[in-house]
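Heads up, the thing below is written out as structure tokens.
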Amino acid sequence: MTRTALISGAGITGQAAAFWLRRHGFDVTVVEKARAPRSGGYPIDIRGTALEVVRRMGLLPRLRDADVDLRRMTFLHEDGSEVATLAPHAVTGGTAGADLEVRRGDLTGILHAAVRDDVEFRYDESIDTLDQHHGGVDVGFRSGREGSFDVVIGADGMHSRTRELLFGPEERFHRYLGYCFAVFPMANELGLSHETVLWNAPGRSAALYAVADDPEVHAFLNFSVPQPPSQLFRAPGAQRELVAGVFADAGWQVPAMLDALHAADDVFFDAVAQIRMPRWSHGRVTLAGDAAHAPSFLTGQGTSLALVGAYMLARSLGRAGHDEGFAAYERDTRGFVTANQDLVGTGGATLFPTTAQALEQRNDRLRRLRTAPAARAVPAHSALTLPGHPA
Ligand SMILES: Cc1cc2nc3c(=O)[nH]c(=O)nc-3n(C[C@H](O)[C@H](O)[C@H](O)COP(=O)(O)OP(=O)(O)OC[C@H]3O[C@@H](n4cnc5c(N)ncnc54)[C@H](O)[C@@H]3O)c2cc1C
């Protein structure tokens, strides 16, 4: 008999899991709380093992066409003078010529095209209640609909409602990394092209990311703050005030960025944090992607973990019932996830030093990278060999 799966969230994890679960014979329904596919966001990276996942999905050629071809990263001192200009892979630890960097909306669109004919999508819908019993999971939806499924997968991101229903409040699993950030669009007044320019002062950074030759850039303001300002997460006006106060005396392009922040109606503000959980599954329900193990943008690995996790989950479920399948998914994927989450201690976080001394040390490292890129053993992004047939 065909098994049924309900997936909460039509992001990267949800759609990749839908693709692979269909391949393993499941009948798949996806609910997404947004009214339509969500296309926003910074470009995201696909590296290492995740490249093999998209290759097996048959999506590599389309994703290569969508690559934004980031060519350089320029680091600036507080006074706007240059520290170093580097090739992106020298900074990110990626592999030049192999890695992909695509607009998040291009990736979600390509995934959607690959699954939409075989999967039922319900937008403006979300899970309200989950009632597990020996025969399945009874689900109550926000719309008032009801349904019953063999398994349920929470792919509903960092602030997962499925996780809350299953394991309790987010605070239990939320590991705050000491920064908050705001991302918003602004006019590309510097005429930047295929590049990122990053300005740093201790505890504060501002970046402009020009995707290809787009007329707008992604503006990014990141700052250290000892405790997450939780009371602000639902207060966009107060978020803008906080950011404006932190950057009030900053130079370079920051005054223009603050003007754009005030004018933008599309501001993404959040704490830089990870989700770390002792287990991802309970009975017939499991979590995947950011819901289970958000690594934070400091690792650059959120999307790659999402793609690999979705593959591993569907493969394990395709070979066994939910008990054994979920156990195999956790056993075979957790080491890879942890290795990538642990990158915050070694890589990304050092791009945003909080003291003058740490900033000077970082700048020295960047100057050395110009001539001698850091040698790595097996990088975390490739620390899992994808099981199963490569075709
Ligand atoms: C709009 C948006 C912009 C982003 N921009 C960036 C970026 O610029 N840079 C970056 O590194 N990462 C960004 N991310 C996060 C990045 O996509 C993820 O880290 C990574 O791809 C893992 O994806 P995910 O599918 O697990 O989670 P997400 O990409 O967060 O997707 C989760 C999906 O679940 C949906 N959802 C949430 N709650 C519910 C609910 N209760 N019921 C039903 N559906 C629900 C969301 O609308 C979303 O579509 C963004 C995510 C979103 C949603």
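On the principal axes of its alpha carbon atoms, the range 144-196 extends 54, 30, 20 Å, with the longest extent given first. In a simple Cβ point-charge model (Lys, Arg +1; Asp, Glu -1; nothing else charged), the range 186-336 has a dipole of about 920 debye relative to its Cα centre. Shown in residue order for the range 277-286 are the 3J(HN,Hα) couplings computed by the Karplus curve 6.51 cos²θ - 1.76 cosθ + 1.60 at θ = phi - 60°: 10, x, 8, 10, 10, 8, x, 9, 10, 9 Hz (x for Gly and Pro).
Karplus-derived 3J(HN,Hα) values for the range 312-320, using 6.51 cos²θ - 1.76 cosθ + 1.60 with θ = phi - 60°, are 5, 5, 5, 5, 5, 5, x, 9, 7 Hz; glycine and proline are entered as x. Ordering L130, M158, F181 by the projection of their Cα atoms onto the charge dipole of the range 130-182, which places +1 on the Cβ of Lys and Arg and -1 on the Cβ of Asp and Glu, puts F181 at the extreme positive end. Rg and Dmax over the alpha-carbon atoms of the chain stand at 21.0, 66 Å.
Just to confirm, what accessible area per residue do you get for the range 149-307 at 1.4 Å probe, in whole Å²? Working shown, then result.
Details: 5970 Å² over 159 residues.
Here the residues of the range 149-307 average 38 Å² of exposed surface.
Residue order by solvent-accessible surface for M57, M1 is M1, M57, largest first, with ligands and nucleic acids left out and a 1.4 Å probe. If you find the alpha carbon centre of the range 174-214 and of the range 262-284, how far apart are they in angstrom? Using only Cα atoms, the two centres lie 19 Å from each other.
Hey, got the dipole for the chain? About the Cα centre, +1 on K and R Cβ, -1 on D and E Cβ, debye to the nearest 20? Kindly include the intermediate steps, with their values, before the conclusion.
Numbers: 39 positive and 46 negative charges, 224 e Å.
Once rounded to the nearest 20, the dipole reads 1080 debye.
Over all distinct Cα-Cα pairs of the range 46-160, the Kirkwood formula returns a hydrodynamic radius of 18.2 Å.
For L60 and S230 in the same chain, what is the full-extension length gain: residue separation times 0.36 nm, less their Cα-Cα distance, in nm? Additional length available on full extension: 57.3 nm.
Comparing A256, A327, Q301 along the charge dipole axis of the range 252-336, the residue lying farthest to the positive side is A327, per the Cβ-charge model.
Ignoring any ligand, DNA or RNA, what whole percent of the accessible area of the chain comes from carbon and sulfur when the probe is 1.4 angstrom? Within the chain, the accessible surface is 50 percent carbon and sulfur. Using the Cα centre of the chain as origin and beta-carbon charges of +1 (Lys, Arg) and -1 (Asp, Glu), tell me which of L232, S382, Q361 is placed farthest towards the positive end of the dipole. It is S382, whose Cα lies furthest towards the positive end.
Take the range 1-59 with all the other protein chains still there, run a 1.4 Å probe, and you get 38 Å² of accessible area per residue.
The residues packed around F184, meaning those with a beta-carbon under 12 Å from its beta-carbon, carry a net charge of -3 if Lys and Arg are +1 and Asp and Glu are -1.
The values are calculated or read from the model by the stated rules, or taken from the named source; none is laboratory data. Keep in mind that what you see is a predicted model, and the values were worked out from it rather than measured. Ideal geometry is used to build each Cβ from the backbone, glycine not excepted, and the neighbour counts take in all protein chains shown. For the accessible areas, the whole protein counts, side chains as well, though only heavy atoms, and no ligand, DNA or RNA atoms are used. Shrake-Rupley method; radii C 1.70, N 1.55, O 1.52, S 1.80 Å.
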